[in-house]
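In what follows, a single structure is set out as structure tokens and then discussed.
The values are calculated or read from the model by the stated rules, or taken from the named source; none is laboratory data. These figures come from a predicted structure and were not determined experimentally. Heads up, the Cβs are rebuilt from the backbone with ideal geometry, glycines too, and the neighbour counts pull from every protein chain shown.
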Amino acid sequence: MFDLIIRNANLLDGRQGIDLGLKGAKITAIEKSIAATGGKEIDATGRLVSPPFCDPHFHMDATLSLGMPRMNVSGTLLEGIALWGELRPLLTKEALIERALRYCDLAVSQGLLYIRSHVDTSDPRLVTAEALLEVKEKVAPYIDLQLVAFPQDGYYRAPDGVRSLERALDMGVGIVGGIPHFERTMEDGTCSVEALCRIAADRGLPVDMHCDETDDPMSRHIETLAAQTVRFGLEGRVAGSHLTSMHSMDNYYVSKLIPLIAEAEINVIPNPLINIMLQGRHDTYPKRRGMTRVRELMAAGVNVSFGHDCVMDPWYSMGSGDMLEVAHMAIHVAQMAGIEDKRKIFDAITVNSAKTMGLEGYGLEIGCNANLIVLQAADVTEALRLKPNRLFVIKAGKVIARTAPRIGELFLGGRPTSIDMAKDYLPQTPQR
């Protein structure tokens, strides 16, 4: 017997008309036709069933703060950083928690059940860390939230930055962050990478650094991060986020750099929406696209996963919490429009991100956790094109969110949704 059966599903590997049996919090059967009856059932009617989306790079302490205390008039990265500096002294724990919980409700409706958020540790009050540690506990029934101790103003550059980061880790923030390109000098940036990797090794923690988020081709801290990763035995536990300077580097140097990244087993996290928006601002024409070399990194066997980064905050006035929007932009910016390209892009918001985040039991196989989404699309290509509704979001074998189907969409892989079918679904948001 099963607690829930999803019937007539299409799977990521191309299989169609498949039933999935869920028992408790696990997937216990995947076959053409499950004979068992009883329990609850969902008829997917030829729609795509996928593991939930993962966002390995986000700033939940800043989310939904757009316009506080003012707007980013220029829309630039540096004004965003300055604006966050104005807002930070005004932050309260209660307001941080309220905004984060609102975003988490939105995330669940989008099928986003795994988030890694950077937590600014530059303010010695550490109100951000206190708030998000509480949020992590509150949302645990429906979102797995990982937290990164992130010295936004620089590990060495910020007053008391070194001590504040250590205190955040002592409080329970579980990942070591950094921003070497924002230190005062290239040398300070290099020293910060070494110091932060040493802390991670001593504490047995992963590393996730904002690295070379700049158009400057001489910003090469990812090379240092790769070397220190190997030095401290952190292979597979380190992520380099953004790496936008690689877009401006000469090809000969990159031909050396990418094998170093692969050797160190560094996880690379581009953020397509933010990278295309914030980079290349000093260019007239030709104008650089701003995102790192996704295709080349993937071809070298590097694990590449995409982050949303920001939603309605000082750096980015847009955003929806929808990882399919992130992937949709990546297809265009990386010019990866082929059939296999799109499969790789979809992997970058699911299985690749799960690997970056070190998730256990993630996937769509027998024995995996019963965390799934049913998309109003027939296959991966259609999902990336339409950014369709998440009809059902399932956590630990239970439906935690539902969204009514859209009417009248053009589905190349299946029939349009009928009004009769739509009335059977009612919107639902997770209950805290």
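Among the residues of the stretch 66-86, what is the count of those that are assigned to a loop (DSSP other than H, G, I, E, B) and under 17 Å from Met277 (Cβ atoms)?
Applying the first criterion (assigned to a loop (DSSP other than H, G, I, E, B)) to the stretch 66-86 yields 66-76.
Still in the list and also under 17 Å from Met277 (Cβ atoms): 66, 71-76.
Count: 7.
Which ones in the stretch 151-170 are closer than 15 Å to His118 by Cβ and of a type outside the set (Phe, Trp, Tyr)?
The initial filter retains those residues of the stretch 151-170 that are closer than 15 Å to His118 by Cβ, namely 151-155, 158, 161, 164-165, 168-169.
Across the stretch 151-170, the qualifying residues are Pro151, Gln152, Asp153, Gly154, Ala158, Gly161, Ser164, Leu165, Ala168, Leu169.
Considering the stretch 231-258 alone, what residues qualify as being within 22 Å of Gly174 (Cα to Cα) and either among the basic types (Lys, Arg) or surrounded by fewer than 17 Cβ atoms within 10 Å (Cβ to Cβ) (or both)? Talk me through it step by step, then tell me what you get.
Step one: of the stretch 231-258, the residues within 22 Å of Gly174 (Cα to Cα) are 231-242.
Result: Arg231, Gly233, Glu235, Gly236, Arg237.
In the list Gly236, Gly280, which residue meets the criterion of being touching a residue at least 12 places away in the same chain (Cβ under 8 Å), within 24 Å of the chain's Cα centre (by Cα) and farther than 28 Å from Thr350 by Cβ?
On the way: Gly236 fails: farther than 28 Å from Thr350 by Cβ.
Matching residue, one of Gly236, Gly280: Gly280.
Exactly one of (1) crowded, with 24+ Cβ neighbours inside 10 Å; (2) more than 19 Å from the chain's Cα centre (by Cα); (3) without any contact (Cβ under 8 Å) to a residue 60 or more places away in the chain is unmet by Glu130. Its number?
Glu130 satisfies every listed condition except (1).
Filter the stretch 265-274 down to the residues that are crowded, with 23+ Cβ neighbours inside 10 Å and free of Cβ contacts under 8 Å to residues at least 60 places away in the same chain, then identify the one that is nearest to Tyr316 (Cα to Cα).
First pass over the stretch 265-274, keeping only residues crowded, with 23+ Cβ neighbours inside 10 Å: 266-274.
With free of Cβ contacts under 8 Å to residues at least 60 places away in the same chain added as a condition, the list becomes 266, 268, 273-274.
Working: Ile266: 27, Val268: 21, Leu273: 9, Ile274: 7 Å.
Per the criteria, the residue is Ile274.
Got a number for residues in the stretch 250-276 being within 22 Å of Ala327 (Cα to Cα) and either of a type in the set (Phe, Trp, Tyr) or in contact with a strand residue (DSSP E or B) (Cβ under 6 Å, 6 or more places away or on another chain) (or both)?
Summing the residues that are within 22 Å of Ala327 (Cα to Cα) and either of a type in the set (Phe, Trp, Tyr) or in contact with a strand residue (DSSP E or B) (Cβ under 6 Å, 6 or more places away or on another chain) (or both) in the stretch 250-276 gives 6.
Which of the residues spanning the stretch 1-47 are surrounded by fewer than 20 Cβ atoms within 10 Å (Cβ to Cβ), assigned to a strand (DSSP E or B), in contact with an Asp or Glu (Cβ under 8 Å, 6 or more places away or on another chain) and not hydrophobic (A, V, I, L, M, F, W, C)?
Passing the criteria: Arg7, Asn8, Lys23, Glu31, Lys40.
Limited to the stretch 294-328, what total is found for residues that are surrounded by 23 or more Cβ atoms within 10 Å (Cβ to Cβ), among the charged types (D, E, K, R) and under 26 Å from Ala264 (Cα atoms)?
Residues in the stretch 294-328 being surrounded by 23 or more Cβ atoms within 10 Å (Cβ to Cβ), among the charged types (D, E, K, R) and under 26 Å from Ala264 (Cα atoms): 1 in total.
Only one of these is assigned by TED's automatic domain parsing to the domain that holds Gly321, touching a Pro at 6+ places or on another chain (Cβ under 6 Å) and either among the aromatic types (Phe, Trp, Tyr) or touching a residue at least 24 places away in the same chain (Cβ under 8 Å) (or both): Leu83, Leu66. Name it. Can you show your working first?
Working: Leu66 fails: touching a Pro at 6+ places or on another chain (Cβ under 6 Å).
Testing whether each residue is assigned by TED's automatic domain parsing to the domain that holds Gly321, touching a Pro at 6+ places or on another chain (Cβ under 6 Å) and either among the aromatic types (Phe, Trp, Tyr) or touching a residue at least 24 places away in the same chain (Cβ under 8 Å) (or both) leaves just Leu83.
What is the one condition in (1) free of Cβ contacts under 8 Å to residues at least 40 places away in the same chain; (2) crowded, with 18+ Cβ neighbours inside 10 Å; (3) not charged (D, E, K, R) that Pro217 does not satisfy?
(2)
Evaluate the following for Met60: is it in contact (Cβ under 8 Å) with a residue 40 or more places away in the chain, among the hydrophobic types (A, V, I, L, M, F, W, C) and surrounded by fewer than 16 Cβ atoms within 10 Å (Cβ to Cβ)?
Working: in contact (Cβ under 8 Å) with a residue 40 or more places away in the chain: yes; among the hydrophobic types (A, V, I, L, M, F, W, C): yes; surrounded by fewer than 16 Cβ atoms within 10 Å (Cβ to Cβ): no.
No, not satisfied.
Matching residues to (1) at pLDDT 95 or above; (2) more than 23 Å from Val162 (Cβ to Cβ); (3) not charged (D, E, K, R):
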| position | (1), (2), (3) |
| --- | --- |
| Leu64 | yes, yes, yes |
| Pro69 | no, yes, yes |
| Asn72 | no, yes, yes |
| Leu78 | no, yes, yes |
| Trp84 | no, no, yes |
| Tyr103 | yes, yes, yes |
| Ile115 | yes, yes, yes |
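Here's the yes/no breakdown for (1) out of contact with any helix residue (DSSP H, G or I) (no Cβ under 9 Å at 6 or more places or on another chain); (2) in contact (Cβ under 8 Å) with a residue 40 or more places away in the chain; (3) in the same structural domain as Ser219 (by TED's automatic domain parsing):
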position	(1), (2), (3)
Tyr285	yes, no, yes
His332	no, no, yes
Met336	no, yes, yes
Ala348	no, yes, yes
